[in-house]
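Participant: Just dropping this structure here.
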Amino acid sequence: MSEPSPRRAVVLLSGGLDSSTALAWAVRQQQWQCHSIAFDYGQRHRVELQASAAVAQAIGVVAHHQIPVDLRSIGASALTDDIDVPKDRADDAGIPDTYVPARNLIFLSIATALAESVGASTLVIGANVVDYSGYPDCRPAFLDAFEQVATLGTKLGSEGNRLSIAAPLLTLNKSEIIELGTELGLDYGLTRSCYDPLPDGMPCGHCDSCFYRRRGFESIGLQDPLPYPA
């Protein structure tokens, strides 16, 4: 177990637009030594695993970790169960079936373990409460509470160190996130955001994730490098 360093971070990296921007922020703006972590949790959009590895390599991390977690055995989500992914929803349609029960709680817990192992003092997550689908585990109150739990429940915390959570995108809208990533030189063509990708891995163009991503690029006059079906 490495000694904790304020310049070392573990970044949750799904391979999507938000998490990839958060990694670019941590590496290129904060100049932290980053370990990225992705989860093979039985998700239907497994193309994001290849995307996360490609983004990690392009941005440059100390190491990229892919951790298996069987959330399909729990199910109850359109991403991990035989439930149709919602398409063409209204903005205010409530928490969708793509919510995965306790996903960020589980992922942050495993990322905390990795942070203790590699001596990181910060967890970085691309959580957002502006252009998002209403997931309760993206809210500031949840992140604040988890930060306290992680400090109380770890050797790191018991020795007087604090494990902090950085959520640099929390209050940015999707266009502001894209502008930040573009300024940091992130290639969004490497990222994958769609919940129900086509057989070739390209976006469906109709799920919530595609909706917010497309609107973000269009609102600032930029072309999404990923193609959408006509």
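The values are calculated or read from the model by the stated rules, or taken from the named source; none is laboratory data. All of these numbers come straight from a predicted model, not from anything done at the bench. Quick reminder, even Gly has a Cβ in these numbers, built from the backbone with ideal geometry, and neighbours come from all protein chains shown.
Participant: Looking only at region 213-226, how many residues end up being part of a loop (DSSP other than H, G, I, E, B) and either farther than 12 Å from Lys174 by Cβ or without any contact (Cβ under 8 Å) to a residue 12 or more places away in the chain (or both)? Before you say what the answer is, go through the steps one by one.
Facilitator: Residues of region 213-226 that are part of a loop (DSSP other than H, G, I, E, B), as a first pass: 220-226.
With either farther than 12 Å from Lys174 by Cβ or without any contact (Cβ under 8 Å) to a residue 12 or more places away in the chain (or both) added as a condition, the list becomes 221, 223, 225-226.
Here the count works out to 4.
Participant: Working only within region 163-202, note down all residues that are in contact with a Cys (Cβ under 9 Å, 6 or more places away or on another chain) and over 17 Å from Ala54 (Cα atoms). Talk me through it step by step, then tell me what you get.
Facilitator: At the first step, the residues of region 163-202 found to be in contact with a Cys (Cβ under 9 Å, 6 or more places away or on another chain) are 167, 170, 193-198, 201-202.
Scanning region 163-202 gives Ala167, Leu170, Tyr195, Asp196, Pro197, Leu198.
Participant: Here are Val11, Val27: which of them is in contact (Cβ under 8 Å) with a residue 40 or more places away in the chain, of a type in the set (Val, Ile, Thr) and either surrounded by fewer than 20 Cβ atoms within 10 Å (Cβ to Cβ) or in contact with a strand residue (DSSP E or B) (Cβ under 7 Å, 6 or more places away or on another chain) (or both)? Talk me through it step by step, then tell me what you get.
Facilitator: Numbers: Val27 fails: in contact (Cβ under 8 Å) with a residue 40 or more places away in the chain.
When all the criteria are applied, what remains is Val11.
Participant: For region 93-106, name all the residues that are not β-branched (Val, Ile, Thr) and not in a loop (DSSP other than H, G, I, E, B). Spell out how you get there, then give the answer.
Facilitator: Quick first cut of region 93-106, residues not β-branched (Val, Ile, Thr) only: 93-94, 96-97, 99, 101-105.
The answer is Arg103, Asn104, Leu105.
Participant: Only one of these conditions is not met by Val55: (1) modelled with pLDDT of 95 or more; (2) assigned to a loop (DSSP other than H, G, I, E, B); (3) in contact with a Ser or Thr (Cβ under 8 Å, 6 or more places away or on another chain). Which number is it?
Facilitator: Single failed check for Val55: (2).
Participant: Against the condition at pLDDT 95 or above and at negative phi, how does Ile95 come out, does it pass? Before the answer, list the steps.
Facilitator: Values: at pLDDT 95 or above: no; at negative phi: yes.
No; evaluated as a whole, the condition is false for this residue.
Participant: Okay, next question. Can you tell me which condition Leu71 does not meet? The list is (1) part of a loop (DSSP other than H, G, I, E, B); (2) surrounded by fewer than 21 Cβ atoms within 10 Å (Cβ to Cβ); (3) aliphatic (A, V, I, L, M), and all the others hold.
Facilitator: In the conditions (1) part of a loop (DSSP other than H, G, I, E, B); (2) surrounded by fewer than 21 Cβ atoms within 10 Å (Cβ to Cβ); (3) aliphatic (A, V, I, L, M), Leu71 misses (2) alone.
Participant: Which residue out of Val62, Val130, Val149 is in contact with a strand residue (DSSP E or B) (Cβ under 6 Å, 6 or more places away or on another chain) and hydrophobic (A, V, I, L, M, F, W, C)? Talk me through it step by step, then tell me what you get.
Facilitator: Numbers: Val130 fails: in contact with a strand residue (DSSP E or B) (Cβ under 6 Å, 6 or more places away or on another chain); Val149 fails: in contact with a strand residue (DSSP E or B) (Cβ under 6 Å, 6 or more places away or on another chain).
Step by step, each of Val62, Val130, Val149 is checked, and only Val62 is in contact with a strand residue (DSSP E or B) (Cβ under 6 Å, 6 or more places away or on another chain) and hydrophobic (A, V, I, L, M, F, W, C).
Participant: Next question. Just for helices (runs of 4 or more DSSP H) wholly inside region 107-212: which have at least 2 residues that are of a type in the set (Ser, Thr, Tyr) and at pLDDT 95 or above?
Facilitator: Numbers: elements: 140-152, 155-158, 174-183.
Qualifying helices (runs of 4 or more DSSP H): 174-183.
Participant: Suppose the filter is surrounded by fewer than 18 Cβ atoms within 10 Å (Cβ to Cβ), small (Gly, Ala, Ser) and touching a strand residue (DSSP E or B) at 6+ places or on another chain (Cβ under 7 Å); does Ser158 pass it? Write out each step before concluding.
Facilitator: On the way: surrounded by fewer than 18 Cβ atoms within 10 Å (Cβ to Cβ): yes; small (Gly, Ala, Ser): yes; touching a strand residue (DSSP E or B) at 6+ places or on another chain (Cβ under 7 Å): no.
Spelling it out, it is not the case that Ser158 is surrounded by fewer than 18 Cβ atoms within 10 Å (Cβ to Cβ), small (Gly, Ala, Ser) and touching a strand residue (DSSP E or B) at 6+ places or on another chain (Cβ under 7 Å).
Participant: Can I ask one more? Cβ-Cβ under 7 Å, sequence separation 6+ or interchain: first residue in region 36-52 and surrounded by fewer than 24 Cβ atoms within 10 Å (Cβ to Cβ), partner acidic (Asp, Glu) and part of a strand (DSSP E or B). Which pairs?
Facilitator: If the second residue must be acidic (Asp, Glu) and part of a strand (DSSP E or B), the pairs left are Leu49/Asp40.
Participant: Name the single residue, out of those in region 53-68 being in contact (Cβ under 8 Å) with a residue 12 or more places away in the chain and loosely packed, with under 14 Cβ neighbours inside 10 Å, that is nearest to Gly16 (Cα to Cα). Reasoning before the result, please.
Facilitator: First, the residues of region 53-68 that are in contact (Cβ under 8 Å) with a residue 12 or more places away in the chain: 53-56, 58-68.
Now narrow it down to the ones that are loosely packed, with under 14 Cβ neighbours inside 10 Å: 60, 63, 68.
On the way: Gly60: 16, Ala63: 18, Pro68: 18 Å.
So, considering only residues that are in contact (Cβ under 8 Å) with a residue 12 or more places away in the chain and loosely packed, with under 14 Cβ neighbours inside 10 Å, the one nearest to Gly16 (Cα to Cα) is Gly60.
Participant: Let me ask another. For region 88-97, which positions are surrounded by 15 or more Cβ atoms within 10 Å (Cβ to Cβ) and out of contact with any helix residue (DSSP H, G or I) (no Cβ under 8 Å at 6 or more places or on another chain)?
Facilitator: Asp97 - this is the single residue of region 88-97 that is surrounded by 15 or more Cβ atoms within 10 Å (Cβ to Cβ) and out of contact with any helix residue (DSSP H, G or I) (no Cβ under 8 Å at 6 or more places or on another chain).
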